[in-house]
Amino acid sequence: LSSMNYNPYAAPQAPPPPVAGPMQAGAPQPWEIGEVLGSAWEIFKRNWAVLVFSSLLGSVLGMGPYFVISGPALMSAKVPANDPMGVFAVAAPGYGVTFFVLLFFYVGMIRIWVAAARGQEPSFGLLFSGGNRYLAFLGSTFLLIFATYLGFALLIVPGVILSCGTMLSAFYVVDANLNPIAAIQSSWQATNGQKMKIFLFGLVSMVVAVALYITCCGMFI
């Protein structure tokens, strides 16, 4: 596939009909870290309102259960502030519910991000569209948490490699409608030969994120 007419953000499509002559598999396209960050910035400028406020709304709604459940519990339990384990034990139910609620909105956020990357007009309504892929996304999340923590527990390097190789799993679950195992496998295959570059991209992204975080809305950018 030529990089001139290849769109890596295009929606999953059925394979084209057979054509005469040998078929060529689509090879991974070359990319540079600066190119990705530059493209992301241009996409953000065109869709900043939806990207910022949907993220803010999803965070507020997702954190709601924590304040409703854990807030009164902490006040009634009167756990000393210097007892972090006691505070965590009382607040644990609220943390648990918040985790599951945030994952629901994260499915919607992925759909918003993908729509923006494809040059479409993302809408706030997508934030609440995660119901049909929620269970699959939940399953892949728990699998990745277990596998990643196991990798970090054994040695740090396997955990880093696993994190880089499975970073696209959520997109395969939500956008390509794959089951958790197939999504993780697809992410691993798609990042074949790219994991070191993805790791470096993550480091650069962290530096950029820290620099933007000191601004008023840098965390959303």
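Just so you know, all these numbers are worked out from the coordinates, no wet-lab data involved. Computed from a predicted model, the values in this text were never measured in an experiment. Virtual Cβ from ideal backbone geometry, glycine too; neighbours counted across all protein chains shown.
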- Query: Which aspartates and glutamates have a Cα less than 12 Å from the Cα of residue 197, not counting those fewer than 8 places away in the same chain?
  - Reply: 32
- Note on the structure: Rounded to whole Å, √(5λ) for the Cα gyration tensor eigenvalues of region 145-221, largest first, gives 24, 17, 12
- Principal axes first, then extents: for the Cα atoms of region 131-184, list largest minus smallest coordinate on each axis, whole Å, largest first. 36, 15, 13
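Quick one: putting +1 on the C-beta of Lys and Arg, -1 on the C-beta of Asp and Glu, what dipole do you get for region 83-221 around its Cα centre, in Debye to the nearest 20? List each step's numbers first, then the result.
Details: 5 positive and 3 negative charges, 58 e Å.
For region 83-221, the charge dipole is close to 280 debye.
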- Query: For the charge dipole of region 32-187, defined by +1 on Lys and Arg C-beta atoms and -1 on Asp and Glu C-beta atoms about the Cα centroid, which residue among 72, 178, 142 has the Cα displaced farthest towards the positive pole?
  - Reply: 72
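For a protection proxy built on the mean count of beta-carbon atoms within 10 angstrom, sort 58-71, 164-177 highest first, please.
On the way: 58-71: 16.1, 164-177: 20.6.
Output ranking for 58-71, 164-177: 164-177, 58-71.
Given region 88-193, report the % of alpha carbon pairs whose separation exceeds 25 Å. Intermediate values should be presented prior to the final figure.
On the way: 1556 of 5565 pairs.
It works out to 28 percent of all Cα pairs.
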